[in-house]
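A short write-up of the structure that comes next.
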Amino acid sequence: NAGVTQTPKFQVLKTGQSMTLQCAQDMNHEYMSWYRQDPGMGLRLIHYSVGAGITDQGEVPNGYNVSRSTTEDFPLRLLSAAPSQTSVYFCASSLRTSDTDTQYFGPGTRLTVL
Amino acid sequence: KNEVEQSPQNLTAQEGEFITINCSYSVGISALHWLQQHPGGGIVSLFMLSSGKKKHGRLIATINIQEKHSSLHITASHPRDSAVYICAVSRPYGGSQGNLIFGKGTKLSVKP
C-alpha cells in the first residue's frame, strides 16, 4: 500500500492564480480531510469528507473547494490564491469506525503564494 | 480558550532523561491521539487511545477520561526522539462535525 499520497510537494503561486492539490489513498478509507499547518497555530481543518459524494466545511474553508467523486481521491482547489494561504497542507484519511480511528497523513504540500 | 491544550510548548532534555508531555481537553471525545512530526517531515500517528494506557517501545501514553487529561511519556530519551509531539482528540463517532481537534504541539529537543 502506498498509504496517503499528495502532489505536489512544493508549489509557488502568484496572487490570483488557481491550482489543485492532489490527495489519494489506497486503504479504502471513508473519511478524508484537509488541514493546513501554520507556525504557532497548529493544524486546522479546511474541509473533510465522510465518503464519496459527501463533503463538509471545517474551521477555515474560505478560499478552498473540495470534491469527492471516488473513495480514493480528495483534491483541494485554491480558487484565487492569496498570500494568507501560504502554508503547509496535509491530507489525512482514516477508517473512522467505533473501534478505530487511526489517522494516516500524507507527506504534505508546502505552498507559497507571492 | 483552546479546546486542546498541551504543555510544555518547548522542552529540552538530555539524552537518557524521562520525558512527560501533557494534554488537556475540554470537549467530549471518542478517542485521543498522539502524533509525531519530525522537522520538515510528515506526521505519524503514535497512539490512539480511549481509556487506560498504551505502550510502544520507549513510549507510553495514558489517558484519564474523568479528568480530561492525557500524558505522553518517553523513557530513556534519545536525540532521535527530537520532534514535535501533537495531541489531538476525535469528536464522538457518528457526529456530523469534522473529526480532529489539535493541540499546538510540543517541540522536544533531546541533546546528546
*From A:Glu30, A:Glu72, residue being of a type in the set (Asp, Glu), touching a Leu at 6+ places or on another chain (Cβ under 8 Å) and touching a residue at least 24 places away in the same chain (Cβ under 8 Å)*: A:Glu30
*For residues that are assigned to a strand (DSSP E or B) and surrounded by fewer than 14 Cβ atoms within 10 Å (Cβ to Cβ), tally how many sit in the stretch A:39-60.*
2
*Hey, does the stretch A:61-70 have a residue that's closer than 23 Å to B:Val89 by Cα and surrounded by fewer than 21 Cβ atoms within 10 Å (Cβ to Cβ)?*
yes
*Filter the stretch A:1-38 for residues that are of a type in the set (S, T, N, Q) and within 10 Å of chain B (Cβ to nearest Cβ); which is surrounded by the most Cβ atoms within 10 Å (Cβ to Cβ)?*
A:Ser33
*Is one or more of the residues making up the stretch A:76-96 buried (at least 21 other Cβ atoms within 10 Å of the Cβ), part of a loop (DSSP other than H, G, I, E, B) and at pLDDT 95 or above?*
yes
*Which fully enclosed strands (runs of 3 or more DSSP E) of the stretch B:1-108 have 3 or more residues being surrounded by fewer than 19 Cβ atoms within 10 Å (Cβ to Cβ) and free of Cβ contacts under 8 Å to residues at least 40 places away in the same chain?*
B:43-49, B:52-56, B:59-64
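The values are calculated or read from the model by the stated rules, or taken from the named source; none is laboratory data. The shown structure was predicted, so the numbers you read here are calculated from the model rather than taken from an experiment. Neighbour counts are summed over all protein chains in view; Cβ atoms, including those assigned to glycine, are modelled from backbone coordinates with ideal geometry.
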